[in-house]
Amino acid sequence: MSHTFADAGACWKELLSGPSRAGELIAAVKRFAEENTRPATIVFGTSGWRGEIGSDFTFNNVRIVISAIIEMFKSGGEPVMQALGVRNFDEVRNRGIIVGHDNRLLGPEFSMEILGYLQEERIRTWYAGEATTPEFSAGIEMLHAACSINLTPSHNPANYSGLKFNPSDGGPAGTEITSKIEEIADGMMRRGAILPSIKVRHMERVDLTALYLSFITMRKTLDIERIRDFINKGDCTICIDNVHGATRGRMEKILCDSSKIVYLRTEDNVLFGGIAPEPSEKNMAGVEAVLRKSSSALKLGVIMDPDGDRIRYSDGSMQIPMNYFGAMALHFLHVHKGIRGVAAKSVGTSNLVNAIAGQLGIPIKETKVGFKNFRPYLMGNSEERAIVAFEESDGISGYNNTLEKDALFGLLLAIEMMAVTGRNLSDYLNDLMNEFGRFYPDRSGIAVDRSLVGEPLQQKLSVIREKYGKGTVTQIGGKTRTVKDLITVDGTKVVFDDGSWLMIRPSGTEPKVRFYIESRTMEGKQAIFEAAERITREALGV
């Protein structure tokens, strides 16, 4: 079968178009993954290395990457060891590594390759099987492990796999670690390394869900008993869409069985039903259908991505994206639970949280895109500890919780929010907007000439910060606006005197410029988008 296709990409194209012979095509992809030894460029983005199964993500390339990780342990030097949180390779051996995967094609098989290589080096290993990203993060802390290797590409389509590496603090790996892995792996790729499979010698399994429950119970940010009591006694309906991902089965263990909780898409399906398994507005249709049929006073529906690090909410009346929920979480944790600290947000996130934090006297920390940039505020020994840390792309964590995006935490927090306030999420949000103001975020972008990708595009767009400094007057939708603030931690964010803003951020890998905007009225969004495009084209000279 594999010989009827030029490569795995061609096989995936037919497979994802919805063919009736999916079983044969999946078998062909597996053979490509085993037989293809073409090298790939290894790049760890904001959430690890990702590649198409059978094309870039092959057994040989996985062996090269795990070999590079092992070599990084041995020869990384002091900066790498400090970033890992270990003294030396012997400490890695003794503390051990957790290995597991989400529920994608070949997850268990790729895991066995990694376990074999680690055990060959006499490194202690735990096999988690199918598990979520926040469970790996909590498991590292609970086991005092050196790190974890989690085979997942997060919310990417079914043809992708990925590898996330988390050091001993449980957070996403920083560039000190990932750049070293890239350097070693790419050197092996250039030399055309063909590596053998190494058989797993023994299997020490670990239940990461049990460890995660112990972790969140011990950390006390969430009141698990109150959440369970609310579900048992409250007039509520909760719908959880697992999108055939690794979040399935988690809430049954944490919350116990209840007829008030409806679970969707829990079956095995490595193609995710033919959709991109992301917590998008479109993918919430099944959740909202369940909530519409419910007569309960309090309703909550969520969708989580396959590795459980992204989440989106609905209460049947409206969908609540992370731009809004993160602000609600700050208010709830500070006002209702008495938690003190800072609010950490990525720079492209709604300023609703800024308005709330400003009136409550909470410092705001705006970071570059990428959850790893929240590490300084999520560490237990931080002087400025985050009450909540969130980004507009559906990731959240909070005080005393994991350093990773944690959709399980986000779901439990939303349930406790309802239990304490007696309000649906949309009602709570409306109360906050009545008190702190209304904000309407959105995002878009434009394509640019491919020759501009990377540094040339950044250079051209850098003139925006010179032209639109504080006090600059410009026209938006026929109205005069004055620049109140200019934030340049990631692209250029121009904040206007009415609280609206636009952010222009070049893609580092694609010929695109991304626009993040926020208006104070729903009708005003288009004018801000038009202003962002005009300012961008002026900078590019087109």
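The values are calculated or read from the model by the stated rules, or taken from the named source; none is laboratory data. None of these values were measured; they are calculated from a predicted model. Counting neighbours? That spans all protein chains shown, and the Cβs are built from the backbone with ideal geometry, glycine included. Heavy atoms of the whole protein, side chains included, go into the accessibility calculation; ligands, DNA and RNA do not. Shrake-Rupley method; radii C 1.70, N 1.55, O 1.52, S 1.80 Å.
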Selection count where residues are out of contact with any Lys or Arg (no Cβ under 7 Å at 6 or more places or on another chain), of a type in the set (Val, Ile, Thr) and under 17 Å from Gly308 (Cβ atoms), scope the stretch 260-274: 1
Where Phe110 falls short, out of the listed (1) open to solvent by 10 Å² or more (accessible area, probe 1.4 Å); (2) farther than 19 Å from Arg191 by Cα; (3) of a type outside the set (Val, Ile, Thr); (4) part of a helix (DSSP H, G or I): (1)
Any hit, the stretch 14-31, residues being within 26 Å of Leu195 (Cα to Cα) and either assigned to a loop (DSSP other than H, G, I, E, B) or among the aromatic types (Phe, Trp, Tyr) (or both): no
Residues satisfying the stated conditions in the stretch 298-333, i.e. in contact with a Lys or Arg (Cβ under 7 Å, 6 or more places away or on another chain) and open to solvent by 10 Å² or more (accessible area, probe 1.4 Å): Arg310, Gly316, Gln319, Pro321
Given (1) over 30 Å from Ser294 (Cα atoms); (2) open to solvent by 30 Å² or more (accessible area, probe 1.4 Å); (3) free of Cβ contacts under 8 Å to residues at least 12 places away in the same chain, index of the condition Ser382 fails: (2)
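Table: residues versus (1) of a type in the set (A, V, I, L, M, F, W, C); (2) on the phi < 0 side of the Ramachandran plot; (3) open to solvent by 10 Å² or more (accessible area, probe 1.4 Å).
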{"site": "Val342", "(1), (2), (3)": "yes, yes, no"}
{"site": "Ala355", "(1), (2), (3)": "yes, yes, yes"}
{"site": "Gln359", "(1), (2), (3)": "no, yes, yes"}
{"site": "Thr367", "(1), (2), (3)": "no, yes, yes"}
{"site": "Phe390", "(1), (2), (3)": "yes, yes, no"}
{"site": "Phe409", "(1), (2), (3)": "yes, yes, no"}
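Does His336 meet the test of being open to solvent by 40 Å² or more (accessible area, probe 1.4 Å) and modelled with pLDDT of 95 or more? Can you show your working first?
Working: open to solvent by 40 Å² or more (accessible area, probe 1.4 Å): yes; modelled with pLDDT of 95 or more: yes.
So His336 passes the test.
Go through the stretch 7-47 and give me each residue that's aliphatic (A, V, I, L, M) and open to solvent by 80 Å² or more (accessible area, probe 1.4 Å).
Of the stretch 7-47, the ones aliphatic (A, V, I, L, M) are 8, 10, 15-16, 22, 25-29, 33, 40, 42-43.
Within the stretch 7-47, Val43 is the sole residue that qualifies.
From the list Gly77, Gly96, Gly116, Gly139, which residue is of a type outside the set (S, T, N, Q), at positive phi and open to solvent by less than 10 Å² (accessible area, probe 1.4 Å)? It would help to see each step written out before you state the result.
On the way: Gly77 fails: open to solvent by less than 10 Å² (accessible area, probe 1.4 Å); Gly116 fails: at positive phi; Gly139 fails: at positive phi.
Just one listed residue meets the conditions, Gly96.
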Candidates Met188, Met251 - the one that is surrounded by 13 or more Cβ atoms within 10 Å (Cβ to Cβ), farther than 24 Å from Cys147 by Cα, at pLDDT 95 or above and not β-branched (Val, Ile, Thr): Met251
